[in-house]
Amino acid sequence: FRYPLNLLDTKMENLAIVSVLIILILLGTIGNTCVLTVFLHIAVKNGELLPSDRSVINMSIVHLLASVFKNILYVFDFFKMHLLNNIGCRLLLYSINLFRTLSISFTLLLSLFQFNKLQNSTYPGINVISLKFEKSICLVSVLLWIISSAIFTPLLFFDDILTLNNSSGLLQFSSCSISPSGGYHLYFGIGTIILVDGFGAFAIVTMNVLILKILWKHHEMVAARGWVHNANHMATLNAVKIVACLLITYIICWSINIIIRILLMRFGASLSAIPMADIASVFSSLYYSFSPFIIIFGRSSIQKKIHNILIRCPFIR
């Protein structure tokens, strides 16, 4: 967080805030590395990857990078390590926005595959789209990286690089605060927030609500037939818990993030005394850091694979 100096100016409070950020970095690194390792292990063992597994791998890579990039400079700033020049600030802003959009894109792609697997041709249009994406998942993944990278290229050419303490900007470090000029301000206010993040988040929430609806109908049908102790039924209930937890986390973290960024674009200068940008950043960081643990603790098979990998690791004895 970056609070106004007159409200927060003690070493202890700053240390507490930086400690939270360090914890988020560590959790994001450990959690996403574990998920990534498990799915890569599955790929090596089976010799192939399902399209949904490829989406999880891409998503884990993005979340791993984002959980570090979003918070590490706050930590550097606390220790007075001013490492970035103007070009570095632009690259940082570019990377953070790129990872956010890729996170939304791969989460949406994964939700699409999961929904299509469950919906049994109830929505033929979605079925056709999903099957085409599954057949060309490698190409789709590469295109998502290329398109997202191209969308945010203008961020590398921002005009105003401010170095004043607590200056208003999209990133608020005392040594690195970036403020867009008028043209870019309008471009990213409309293009990124509303079209990309807004639509992507809405689509993800809608698709996962439908997934929960299908899973819950299956649960009610099985319960009505007295199969509550069936292994498939227990797996369905477990899937409901995982999807529900991920959905709640997603709604809380991303709705707050998007709303705050819209307010920043709309009221910009008048919000200069409020740490809005940093609050938005922390909520997205919470998603990057905690979402892999929902997957890990929600699936015993992943826990067993992590345990087996750790046992075989020569550095852990």
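The values are calculated or read from the model by the stated rules, or taken from the named source; none is laboratory data. Only a predicted model underlies this, so the values are computations on that prediction, with no experimental measurement involved. No Cβ is skipped: glycine too gets one built from the backbone with ideal geometry, and neighbour counts run over all protein chains shown.
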| said: I'd like to check something: does segment 33-50 contain any residue that is part of a helix (DSSP H, G or I), of a type in the set (Asp, Glu) and at pLDDT below 90? | reply: no
| Going by the conditions given, is residue 13 part of a loop (DSSP other than H, G, I, E, B) and either among the acidic types (Asp, Glu) or modelled with pLDDT of 85 or more (or both)? | no
| note | residue 300 passes all but one of the listed conditions (1) modelled with pLDDT under 75; (2) under 26 Å from residue 68 (Cβ atoms); the exception is number (2)
| request: Just one of (1) at pLDDT 80 or above; (2) more than 27 Å from residue 89 (Cβ to Cβ) trips up residue 220, so point out which. | output: (1)
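Output the helices (runs of 4 or more DSSP H) that fall wholly within segment 76-171 and possess 2 or more residues being within 30 Å of residue 215 (Cα to Cα), at pLDDT 80 or above and not hydrophobic (A, V, I, L, M, F, W, C), or say none. Outline the logic, then answer.
Details: elements: 86-119, 124-135, 137-151.
Here the list reads 86-119.
For segment 232-241, enumerate the residues that are out of contact with any Lys or Arg (no Cβ under 8 Å at 6 or more places or on another chain) and at pLDDT below 75.
Matches in segment 232-241: 232, 233, 234, 235, 236, 237, 239, 240.
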| Count of segment 31-49 residues which are in contact (Cβ under 8 Å) with a residue 12 or more places away in the chain, surrounded by fewer than 21 Cβ atoms within 10 Å (Cβ to Cβ) and among the polar types (S, T, N, Q) | 2
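Conditions (1) surrounded by 14 or more Cβ atoms within 10 Å (Cβ to Cβ); (2) modelled with pLDDT of 70 or more, marked per residue:
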| position | (1), (2) |
| --- | --- |
| 211 | yes, yes |
| 226 | no, no |
| 230 | no, no |
| 243 | yes, yes |
| 251 | yes, yes |
| 274 | yes, no |
| 291 | yes, yes |
| 312 | no, no |
